[in-house]
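The values are calculated or read from the model by the stated rules, or taken from the named source; none is laboratory data. Predicted model, so just to flag it, every value in this text is computed and none were measured. When we count neighbours, we look across all protein chains shown, and the Cβ atoms used for this are built from the backbone with ideal geometry, even at glycine. Only protein heavy atoms, including side chains, enter the accessible area calculation; ligands, DNA and RNA are left aside. Shrake-Rupley method; radii C 1.70, N 1.55, O 1.52, S 1.80 Å.
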Amino acid sequence: MEEIKKIIKECISGNVRAQEKLYRMFAPKMFGVCLRYSRDRTEAEDNLQEGFIKVFTNIDSFRHEGSFEGWMRRIMVNVALSKYRKNNILYPVENIGDHDMPQFSDNIFEKFGAEELIELIRQLPERYRMVFNLYVMEGMNHQEISEMMNISVGTSKSNLSRARDILKRKVRDLYDEVKLNSNLPA
Amino acid sequence: MMNEEKNMDKIFRDKLEGFQMDPPPLLWDGIRETLLMQRRAKRVALYRWAAVAAMLAIAFFGGWYFNKTVEKDVPELAEQVIVYPERNNADENARVDIIEKSLTAKSETIDESDVSGNTTEKSAGLVESPRQKESLGGIPDPELQSPTDKYSVAPIKSQQAQSVLREEPVALKGKNKSEKSSFSDAEKRLIAENIRHKRDYSKNGSSWKMGMNVSPGYSSYSASHERDYANNMTYSATDGNSNVSAGISVQYKTKGRWSVESGVYYVQNGQKSESIPQLFAAYAADDEKTPPFTEGLYVNTDIDAEGNRMVMNSVAGIVEFESLPEGAEIEASLERAGSYSNALVTRGEFSQVFDFVEIPLFLRYLLVDSRVGLEVAGGINAGLVVGNNAYINNDYGLQNIGKTRDISAVNFSASIGMGVTYSLSKHISLAIEPRMNYYINSINRNPDVNFRPYRIGLYSGLYYEF
């Protein structure tokens, strides 16, 4: 903790070595965050770079009141959100009603690794991906999400529901495919 | 259903919460380089602002200093008045007195040529007076993400027509993630880095432009007056002054076609008046039968004795005489049109000159962006009055007779112009721009007087861009 404070202090004074040290400490974790919010790896790298530049430019505004990692994470999420707002591309998606989904055992998700789950999230339409990440990973409620994304609470709820449905369908298709190919025990 | 959703969320959260992956090694280099560039850009911006502030300060104080020096050279004339009350013409009872004054120069070291020389120098001095950067979004979304790999969303009818609009990185354009190109991952990243840096550099298109301007021009005025004031006012001619202004211009050019200009200009405005040989001057001429009033142009104006001073209602406001000019007579009459009972008669020309230091704030738009460019400019000027003099130019030379009362120290004018620029090199260019400058407030605070000078000038200058 004290070490982080010292590194932050040195970063504020523009010490490049301290900046590199801080980057090496947090970059892998922040890259994991960026990967969840991005369409692909390249976009995640861009977001990570932009996020770290914002971190170093605004590091003097960190008040040491919460965790530094949490502060950085919010910056990474904000970078992704501001890009989303800027692009603001809406993907009209076929209405998939909950009743259309067959009964689904969520244990099936347990059979996938983190990278595979991230890959599934990344394939979601942009707005669904944002809402899913903000709700599930950042623990925000629909009111907060609606304010951040400038959408209605209803839309946020609907987007989350559709994101879940898409993920379930994808996992089921993928699981069936893998099971057929490798006779993986269910 | 709810529990199913909660379990699903929990699985995602547990598996992804501590997920880590090493970013490509080149990423840190990009961050470090961007931070260094930002620091450099901040420093350069600071130097530029400091340079601009220093130049403006030097130009302003230089102009003020030299103007002050010139004013000191104007000779003061003192009068020795000999009054000869004399009843002249019995047929014309209206005329009561004719006061003849003869004047002698107080300072004997200054002769007429000095007086005119000084004033000429004051006008000519104008020619020589001091002149005148988001998104690191960087690599836009490549088509790599196109859901064509094994996890494609088959049941989703995504209308991705809009995604076609998205820009693709040149090096990766048209490549699908599943279609492996001949580039290794490391090479792709390197190419992407290079593209990003190239964009960052090309974004930086703002610049500064500094230059010196000289502008020959014609200044005149629009004026209106209250009736009582006007009845006692000197003849309102429409003559303006030809003069030269000069200044230093500083422009901040944005990345687009807009630029903002400021600077410091030294400008003269004013007016000239003379009378046709009208009624009273004609009387004076007839009565006196003196050569000065038999032909030529006259200044024939009502004057009032106020306290120990003579005042005259001029077009630009009340002029306070500091001395009575040589070769002038004061006629006392009961039949003046206005309420003032005395008139000043002299052959020659009366003029008022106001010296301004103008600080402009213009917005410029480049209509044609090529070697020969065309741009329009418009904005406002804060005009600081640094000189206020009234002159009479008669057979005895150009004499400073006093100042105009109630002149505001700071006035505002609006300017509009269209100019042609010619680039001599990457950094140096010439510009010529006809510009009109019109004062939006009366420069005289007297409620009876609305005097608003304007000036049409041809601004030509040499500019340096950096």
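Being closer than 15 Å to residue A:138 by Cα and either open to solvent by less than 10 Å² (accessible area, probe 1.4 Å) or assigned to a loop (DSSP other than H, G, I, E, B) (or both) is the filter here, so list the residues in the stretch A:39-73 that pass it.
Start the filter on the stretch A:39-73 by keeping residues that are closer than 15 Å to residue A:138 by Cα, which leaves A:67, A:69-73.
Of everything in the stretch A:39-73, those that are closer than 15 Å to residue A:138 by Cα and either open to solvent by less than 10 Å² (accessible area, probe 1.4 Å) or assigned to a loop (DSSP other than H, G, I, E, B) (or both) turn out to be A:67, A:72.
Among the candidates B:439, B:454, single out the residue that is open to solvent by 40 Å² or more (accessible area, probe 1.4 Å) and either closer than 30 Å to residue B:227 by Cα or more than 15 Å from the chain's Cα centre (by Cα) (or both). So that I can check it myself, show each step before the final result.
Details: B:439 fails: open to solvent by 40 Å² or more (accessible area, probe 1.4 Å).
Result of the check over B:439, B:454: B:454.
With a cut-off of at least 3 residues that are modelled with pLDDT under 75 and either open to solvent by less than 20 Å² (accessible area, probe 1.4 Å) or not basic (Lys, Arg) (or both), name the strands (runs of 3 or more DSSP E) lying wholly within the stretch B:273-384. Can you show your working first?
Details: elements: B:298-306, B:309-314, B:317-321, B:328-333, B:342-347, B:349-368.
Here the list reads B:298-306, B:328-333, B:342-347.
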Return the only residue of B:253, B:209 being of a type in the set (Lys, Arg) and surrounded by 20 or more Cβ atoms within 10 Å (Cβ to Cβ). B:209
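Applying the selection to the stretch A:21-39, what residues are of a type in the set (D, E, K, R) and within 7 Å of chain B (Cβ to nearest Cβ)?
Pass one, the stretch A:21-39, residues of a type in the set (D, E, K, R): A:21, A:24, A:29, A:36, A:39.
Within the stretch A:21-39, A:29, A:36, A:39 qualify.
One line per residue, one yes/no per condition, for (1) within 19 Å of residue B:24 (Cβ to Cβ); (2) of a type in the set (A, V, I, L, M, F, W, C):
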{"residue": "A:11", "(1), (2)": "no, yes"}
{"residue": "A:14", "(1), (2)": "no, no"}
{"residue": "A:25", "(1), (2)": "yes, yes"}
{"residue": "A:39", "(1), (2)": "yes, no"}
{"residue": "A:44", "(1), (2)": "yes, yes"}
{"residue": "A:47", "(1), (2)": "yes, no"}
{"residue": "A:82", "(1), (2)": "no, no"}
When you scan the stretch A:87-120, how many residues do you find that are of a type outside the set (A, V, I, L, M) and modelled with pLDDT of 80 or more? 5
Could you tell me whether the stretch B:22-36 includes any residue that is open to solvent by 30 Å² or more (accessible area, probe 1.4 Å) and either closer than 29 Å to residue A:132 by Cα or modelled with pLDDT under 85 (or both)? yes
Would the stretch A:11-26 turn up any residue that is open to solvent by 20 Å² or more (accessible area, probe 1.4 Å) and either more than 20 Å from residue B:34 (Cα to Cα) or not assigned by TED's automatic domain parsing to the domain that holds residue A:68 (or both)? no
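Within the stretch B:385-402, restricting attention to residues that are among the aliphatic types (A, V, I, L, M) and open to solvent by less than 20 Å² (accessible area, probe 1.4 Å), which residue is nearest to the chain's Cα centre (by Cα)? Outline the logic, then answer.
Quick first cut of the stretch B:385-402, residues among the aliphatic types (A, V, I, L, M) only: B:385-386, B:390, B:392, B:398, B:401.
Add one more test, that the residue is open to solvent by less than 20 Å² (accessible area, probe 1.4 Å), and what stays is B:390, B:392, B:401.
Numbers: B:390: 24, B:392: 29, B:401: 29 Å.
That would be B:390.
Quick one: would you say residue A:123 is at the interface with another protein chain (Cβ under 8 Å from one of its Cβ atoms) and at pLDDT 90 or above? Outline the logic, then answer.
Working: at the interface with another protein chain (Cβ under 8 Å from one of its Cβ atoms): yes; at pLDDT 90 or above: yes.
So residue A:123 fits the description; yes.
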Neighbours by Cβ (under 7 Å, 6+ apart or cross-chain): first from the stretch B:445-466, within 17 Å of residue B:380 (Cα to Cα); second among the charged types (D, E, K, R) and part of a strand (DSSP E or B): B:457/B:435; B:459/B:433; B:459/B:435
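Which of the residues that make up the stretch B:1-28 are assigned to a loop (DSSP other than H, G, I, E, B) and more than 7 Å from chain A (Cβ to nearest Cβ)?
At the first step, the residues of the stretch B:1-28 found to be assigned to a loop (DSSP other than H, G, I, E, B) are B:1, B:17-25.
Scanning the stretch B:1-28 gives B:1, B:17, B:18, B:25.
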